[in-house]
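Notes follow once the structure below has been shown.
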Amino acid sequence: MVERGAQRIAVVVAAALLGAGPAAARPLSLGDALAIALEHNLELQASEAEADGARARSRAALGALGPRLHVDANLYEWNSPFSISIAGCPFSCART
């Protein structure tokens, strides 16, 4: 099983080297090598995604501090007259 895994790795490496052609043979400057390394660095990509999430949470928290507007409305409609007593005083209402 280990031997089969090693064969797969060898095939992938060989395909990468053969497919790279002359472009892989040219020398890289230090800047180019660093740019390629940073582009393919998964830890760096994860850190950047984490920083983006932190910035979004920060903006959301600041948004909660701003002014708010709440609007509410109620409509009551009775189909028949009613009568209630408030502090012993009768109150009647009829639809006109």
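The values are calculated or read from the model by the stated rules, or taken from the named source; none is laboratory data. These numbers come from a predicted model, not from an experiment. Cβ: placed from backbone, ideal geometry, glycine included. Neighbour counts: every protein chain shown.
What the table below lists for this structure:
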quantity: Residue match in the stretch 33-49 (condition: of a type in the set (Asp, Glu) and at pLDDT below 65); calculated: no
quantity: Pair list, Cβ < 8 Å and 6+ apart or interchain, from the stretch 66-84 residues that are in a loop (DSSP other than H, G, I, E, B) and among the hydrophobic types (A, V, I, L, M, F, W, C) to residues that are at pLDDT below 90 and exposed (fewer than 10 other Cβ atoms within 10 Å of the Cβ); calculated: 78/95
